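Shown next, in structure tokens, is the structure this report addresses.
The values are calculated or read from the model by the stated rules, or taken from the named source; none is laboratory data. If you're wondering where the values come from, they're calculated on a predicted model, not measured in any experiment. Cβ placement follows ideal geometry from the backbone for every residue including glycine, while neighbour counts extend to all protein chains displayed. Side chains included, ligands, DNA and RNA excluded: accessible areas come from the protein's heavy atoms. Shrake-Rupley method; radii C 1.70, N 1.55, O 1.52, S 1.80 Å.
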Amino acid sequence: QDQQWRTQLAAIELLKPIVAELVTNAPKRLASVLPKAVPALCEAANGSRAEVRNAAKQVLEQIGAAIDHPDIQGLAPGLIAALVDRSDGPMLKALDALLGAVYTT
């Protein structure tokens, strides 16, 4: 068990420079790996170890900060909060924001 969280933390830490590189040089490639990466990061963000949770949240925030679509940009922090905190509060807030969003482009 002790080794498992350390391995998970190391893997998440390795993602940080990879995500940074993809954001800068290959945003379409980043978009193609998000369907696999985000669920794993969400699972880690809801894990039992604070170190793993914090690292996963940092990577999710890094991904969210890369969103350049003006209609979605403002929603990213609330969506990330809902992904990392599965209690009703952040989830309802994110859903309200999505329902109230006006998409202009």
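The residues listed here are PRO27, PRO39; of these, the one that is in contact (Cβ under 8 Å) with a residue 12 or more places away in the chain, out of contact with any helix residue (DSSP H, G or I) (no Cβ under 9 Å at 6 or more places or on another chain) and not basic (Lys, Arg) is PRO27.
Taking the criterion of being buried (at least 16 other Cβ atoms within 10 Å of the Cβ) and touching a residue at least 12 places away in the same chain (Cβ under 8 Å), the residues of the stretch 64-84 that qualify are GLY64, ALA66, LEU75, ALA76, GLY78, LEU79, ILE80, ALA81, ALA82, LEU83, VAL84.
Scanning the stretch 26-63 for residues that are more than 14 Å from LEU15 (Cβ to Cβ) and open to solvent by less than 40 Å² (accessible area, probe 1.4 Å) yields a count of 2.
Counting only residues that are open to solvent by less than 70 Å² (accessible area, probe 1.4 Å) and either part of a helix (DSSP H, G or I) or in contact (Cβ under 8 Å) with a residue 40 or more places away in the chain (or both), the stretch 87-97 holds 4 of them.
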